[in-house]
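Q: Before anything else, here's the structure in question.
The values are calculated or read from the model by the stated rules, or taken from the named source; none is laboratory data. Quick caveat, the model's predicted, so the values are computed rather than measured. Cβ placement follows ideal geometry from the backbone for every residue including glycine, while neighbour counts extend to all protein chains displayed. Accessible surface areas use protein heavy atoms only, side chains included; no ligands, DNA or RNA. Shrake-Rupley method; radii C 1.70, N 1.55, O 1.52, S 1.80 Å.
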Amino acid sequence: MLDAYASKPPLPRQYAENLLVMEKGRGCRISDRSGREYLDMGAGIAVNSLGYGRLDLAEIAAKQMRKLIHVSNLFTTGPALELAEKIIAAGPPRGSTSKFEAVHFGNSGSEANETALKYARLYASDKRGDGHHGFLAFSGGFHGRTMGALSLTANTQYRLPFNPLIPGALILPLNDEEALRNTLDESFAAVIIEPIQGEGGLHKPNEAFVRTLNALCRQYDVLLITDEIQSGLGRCGELYASSLVGLEPDIITLAKPLAAGLPLSAVLIPSKINQLLKPGLHATTFGGGPLTTAVASATWDLLNDPVFMEEVNRKGAFLESLLNEGLKSLGIPGEVRGIGMLRGLHLVDEKYDSSWCNKVLKKTLEAGLIILKSGLDVLRLAPPLVISYDELTEGVHILFDTIKEAI
Ligand code: PMP
């Protein structure tokens, strides 16, 4: 039998020394090359919202590959147009006055944020001239690993080894209204914020902070970018997570579940930015190709369905109650964080630190369950949105059995 782990793989050492080699998936379970099965409550880090082994999507992909796999960005294709039209037709986040006119497709979350930042600089220099290029982000935020997105990613471990990053990038404490008021002015091109922080501990901006942020961005004509790469597209029980916290974005970035596991991102832009764009100003070779957009168009219909979304909300509430029950049974002070199907468990004691969380992740994996970490000391669950109630119960039971052994 093949060893499930690849030892000394010819992959860069930023990844684990021993990587589990995954082979196939069906529903919410994936198996490694030795045949061992895992219940996946990480969904490829909030990507595989529709689960694995989707024959409906595989059929669309295969058909599109046979028909036309790629064209240069001197052309477009039916699937790209169809998807962009669906995204625009869906309208802005519920309750917001945002208005989107066009969608720029890319290949990854980082690329989407890079694009959003470039658009914001273009807008600020057009409206206010040179020197209005600042970017503001918040503690706990994660926006990607490319130089621009990394400049606004709070975690210093990710950021500092690569200094100097882009000039004018500033990170303020999340929910510090006073710092925000004292800092934000017309010298900034954009503010980027996650409606709920996927990587940074599942914190979210509070109501008063959001109100001030919306108002200051309007006052100084600073573009507000909501990074919904992890929290959007139904993960939190809404098409856009901005609506759950009251953010009124000028730009939204999307990626992870957009093409159900194929690499695709989207930047939603308003007319005032679209008007400034000229041919050749910004582009990508692969972004928005016919294969990814054909799959994404079908994925969009499945995710943006009110009946489906209602069920996601029911499952999210069920998951929350399972986690609260589990926490109670531990008898340790703690907190269940998150919204919908993006949830975290934080145990309040120094003992339950980063290395303790890593131990729990390793043990749950041994017990046949994949979960994630968020921030230093939060256990994160982001299961496929199609997971069953029984699977949620099974996963949370494995999690708490593991935690009980580890405390
Ligand atoms: N923004 C957020 C909120 C994310 O969670 C991530 C990925 N974890 C990114 C941006 C970067 O996306 P990618 O890895 O596709 O570049």
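Q: With the radius of gyration and the Kirkwood radius both derived from the Cα set of the chain, what is their ratio Rg to Rh?
A: 0.96
Q: Per DSSP helix of 4 or more residues, -39500 (n - 2.57); summed, then divided by the residues of the chain. What does that give at 222 nm, rounded to the nearest 500?
A: -11500 deg cm²/dmol, from helical runs alone.
Q: If amide H atoms are built 1.01 Å from N in the plane of the peptide, which residues on other chains or at least 5 residues away come under 5 Å of the amide H of I171?
A: Long-range HN contacts for I171: A137.
Q: OK, next. What number comes out for accessible area per residue over the chain if the probe is 1.4 Å? Units Å², please.
A: Counting only protein heavy atoms, the per-residue value for the chain is 45 Å².
Q: Hey, what do the phi angles of region 341-347 turn into as Karplus ³J(HN,Hα) couplings, whole Hz, using 6.51/-1.76/1.60 and θ = phi - 60°, x for Gly and Pro?
A: Those phi angles translate into 9, 10, 10, x, 10, 10, 9 Hz.
Q: Let me ask another. In the chain, once you exclude exposed GluC sites (Glu not before Pro) (DSSP loop, at most 16 other Cβ within 10 angstrom), what's the longest stretch remaining?
A: That gives 187-349 as the longest site-free run.
Q: Let me ask you something else. Among K328/K351; K256/K359; K256/K328, which pairs are too far apart, with a Cα-Cα distance over 29 Å?
A: K256/K328
Q: Right, next: Whole-Hz Karplus ³J(HN,Hα) for region 14-23, in order, using 6.51 cos²θ - 1.76 cosθ + 1.60 and θ = phi - 60°, x for Gly and Pro?
A: 6, 9, 4, 4, 10, 9, 6, 9, 7, 10
Q: I'd like the projected area of region 206-265, averaged over all directions, using the convex hull of its alpha carbons. Report it in nm² with one decimal.
A: Averaged projected area of region 206-265's Cα convex hull equals 4.1 nm².
Q: Which value, in nm² and rounded to one decimal, describes the direction-averaged projected area of the C-alpha convex hull of region 1-129?
A: For the Cα atoms of region 1-129, the hull's average projected area reads 13.3 nm².
Q: Under Stokes-Einstein, with the Kirkwood radius over Cα pairs standing in for Rh, what whole-number D in µm²/s applies to region 47-120 at 20 °C and 1.002 mPa s?
A: Estimated via Stokes-Einstein, D reaches 142 µm²/s.
Q: Can you give the convex hull volume per residue for the Cα atoms of region 88-202, as a whole number of Å³?
A: 134
Q: Take peptides 276-283, 257-264 and line them up by average Cβ neighbours within 10 Å, highest first, as a rough protection proxy.
A: Peptide ranking by packing, descending: 257-264, 276-283.
Q: Going by amide H atoms built from the backbone, whose H comes under 5 Å of the H on G288, apart from near neighbours?
A: It is G106, S265, by chain and number.
Q: Report, to the nearest whole %, how much of the accessible area of the chain belongs to carbon and sulfur atoms, 1.4 Å probe, protein only.
A: Ligands and nucleic acids excluded, carbon and sulfur give 54 percent.
Q: Enumerate the calculated ³J(HN,Hα) couplings along region 92-108 in order (Karplus 6.51 cos²θ - 1.76 cosθ + 1.60, θ = phi - 60°), each rounded to whole Hz, writing x wherever the residue is Gly or Pro.
A: x, x, 3, x, 9, 9, 4, 9, 10, 10, 8, 10, 9, 8, x, 10, 8
Q: Which of the helices in the chain meet the span-like rule: DSSP H, Cα axial reach of 27 Å or more, Kyte-Doolittle mean at least -0.5?
A: 306-330
Q: Using the 2.2 N^0.38 Å rule of thumb for compact globular proteins, work out how region 68-303 stacks up: its C-alpha Rg over that value, please.
A: Ratio of Cα Rg to 2.2 N^0.38 Å: 0.95.
Q: Also: How do K256, K99, K363, K63 stack up against each other in accessible area, from largest to smallest, with a 1.4 angstrom probe?
A: My answer, sorted largest first, is K99, K63, K363, K256.
Q: To continue, here is another question. In the structure displayed, which of K63/K118; K204/K315; K24/K99; K67/K272; K67/K315; K63/K204 lie more than 30 Å apart, Cα to Cα?
A: Table pairs above 30 Å Cα-Cα are K63/K118; K24/K99; K67/K272; K67/K315; K63/K204.
Q: Search the structure for amide H atoms under 5 Å from the amide H of G334, placed 1.01 Å from N in the peptide plane, and list their residues when 5 or more places away or on another chain.
A: V348
Q: Quick check on packing: order 395-404, 295-304 by the mean number of other C-beta atoms within 10 Å, highest mean leading.
A: Those peptides, ordered most packed to least, come out 295-304, 395-404.
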